[in-house]
Amino acid sequence: MISGKKIIVILPAYNASNTLEKTYNDIPFDIVDEVVLVDDASNDNTVVVAKSLGIKHIIEHRSNQGYGGNQKTCYRKALELKADIIIMLHPDYQYEPKLISSMSYILAQDIYPVVLGSRILGNGAIKGGMPVYKYVANRLLTFIQNLATKAKLSEYHTGYRAFNSEVLSKIDLTQNSDDFVFDNQMLSQIIMKGYSIAEITCPTKYNVDSSSINFKRSLKYGFGVLLVSLQHWLHRNRLVRIKRYC
């Protein structure tokens, strides 16, 4: 805990057996109270590894629910456990677990209600192995999203996120996709509600075991992001009522 606030790390897992232990061991348990892992019907030994690490809260999806569907289960369980601070960490070791401390302190001191780990701040994305086409798409989509939302984020596409429980209780995650665009829909909801968002520099770590979507899925994701941006703009300007924001 920090300042009496319960901190829970959620791990949305899919085929993470090779990297889960390394990720888990770098979690700062001097402040983290509990870990929740949701396995999205992996084809490997992710659950076996999780049990060997002593993770208490393990949820197994019988069928693959998708990246967004996995997160919905994660957040629901964390709120059931009365978390005050919830941090999403991918178990593929693409994001630095040691940054949990910095993110948690920002939330625990009520400086910001949301913190993102940005791979763009610090100009280390390409050096860290992010494919050039993904970097270019990231910058273009982020530019469009900032225009639509009037926010000034360095990126909307990071999977490293921390929230206080109030934020998650005020947005309806069930209205969002079960696919990868879930992340953008969630941020759009948060911005629409008027919550401020902090960003900290997060080193980029792309390796053979890091999760990544192929070019075809990336295109689908990109068009999904553009649609979310359009919906946000239309709702913000009261031209169309979008249920996600109501």
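Here are a few things to note about the model shown:
- Condition met for Ser196 (closer than 24 Å to Ala83 by Cα and out of contact with any helix residue (DSSP H, G or I) (no Cβ under 8 Å at 6 or more places or on another chain)): yes
- Helices (runs of 4 or more DSSP H) within the stretch 16-109 that include 2 or more residues under 24 Å from Thr204 (Cα atoms): 20-25, 66-80, 100-108
- Annotation note: Cβ proximity below 9 Å between a residue of the stretch 147-167 that is in contact (Cβ under 8 Å) with a residue 60 or more places away in the chain and part of a helix (DSSP H, G or I) and a residue that is surrounded by 20 or more Cβ atoms within 10 Å (Cβ to Cβ) and of a type in the set (A, V, I, L, M) (sequence gap 6+ or interchain) occurs for Ala148/Val228; Thr149/Leu187; Thr149/Ile191; Ser165/Ala78; Ser165/Ala83; Ser165/Ile85; Ser165/Ile86.
- Selected residue (criterion: nearest to the chain's Cα centre (by Cα)) from residues of the stretch 144-158 that are surrounded by 19 or more Cβ atoms within 10 Å (Cβ to Cβ) and among the hydroxyl-bearing types (Ser, Thr, Tyr): Thr158
- Under the condition of being in contact (Cβ under 8 Å) with a residue 12 or more places away in the chain, surrounded by 12 or more Cβ atoms within 10 Å (Cβ to Cβ) and out of contact with any Ser or Thr (no Cβ under 6 Å at 6 or more places or on another chain), the residues counted in the stretch 228-246 number 8.
- Within the stretch 39-92, considering residues that are more than 16 Å from the chain's Cα centre (by Cα) and among the charged types (D, E, K, R), the one nearest to Tyr14 (Cα to Cα): Asp44
- Looking at Leu173, Leu141, just one residue is surrounded by 16 or more Cβ atoms within 10 Å (Cβ to Cβ), out of contact with any strand residue (DSSP E or B) (no Cβ under 8 Å at 6 or more places or on another chain), touching a residue at least 12 places away in the same chain (Cβ under 8 Å) and closer than 18 Å to Phe223 by Cβ, and that residue is Leu141.
- One residue stands out among those in the stretch 196-231 that are among the hydrophobic types (A, V, I, L, M, F, W, C) and in contact with a Gly (Cβ under 7 Å, 6 or more places away or on another chain): the one that is modelled with the lowest pLDDT, which is Cys202.
- Ser218 vs. criteria touching a residue at least 40 places away in the same chain (Cβ under 8 Å), surrounded by fewer than 18 Cβ atoms within 10 Å (Cβ to Cβ) and farther than 27 Å from Asp40 by Cβ: no
The values are calculated or read from the model by the stated rules, or taken from the named source; none is laboratory data. For clarity, every value in this text was computed on a predicted model and none was experimentally measured. Cβ: placed from backbone, ideal geometry, glycine included. Neighbour counts: every protein chain shown.
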